[in-house]
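To keep things clear, I will list the structure first and then write my remarks on it.
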Amino acid sequence: MLRRMWLNEYRANMLKEYRKMLKEAMMARLLRLRSLKEVTIDVDDHDESLCSICTENMEIGTVAVSLPCSHKFHKT
Ligand SMILES: [Zn+2]
């Protein structure tokens, strides 16, 4: 039982790390494109401040990347 719990936790951590790596690799690639802008979230508008990647709300002051289609996502 304990072993199973540990395994599940281990898998969850691995997944988390993997997603982080993927995101970082993707970000590095995307940031090389000129059309991307770095923006700081300054409007507390629900639609405007939702991250397109993780779908979480971005707090005011969060540094985000803005796509030409005006979608935004967390920079880090
Ligand atoms: Zn995000």
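Of all residues being touching a residue at least 24 places away in the same chain (Cβ under 8 Å) and out of contact with any Ser or Thr (no Cβ under 9 Å at 6 or more places or on another chain) in the stretch 54-75, which is surrounded by the fewest Cβ atoms within 10 Å (Cβ to Cβ)? Just the residue, please. For the stretch 54-75, the residue satisfying everything is Ser66.
For the stretch 22-30, the criterion of a residue being among the charged types (D, E, K, R), out of contact with any Cys (no Cβ under 7 Å at 6 or more places or on another chain) and surrounded by 10 or more Cβ atoms within 10 Å (Cβ to Cβ) is satisfied by at least one position.
Restricting the stretch 1-37 to residues that are among the basic types (Lys, Arg) and outside any helix (DSSP H, G or I) leaves a set whose member that is modelled with the lowest pLDDT is Arg34.
The values are calculated or read from the model by the stated rules, or taken from the named source; none is laboratory data. Small disclaimer: the values here were computed from a predicted structure and weren't measured. Counting neighbours? That spans all protein chains shown, and the Cβs are built from the backbone with ideal geometry, glycine included.
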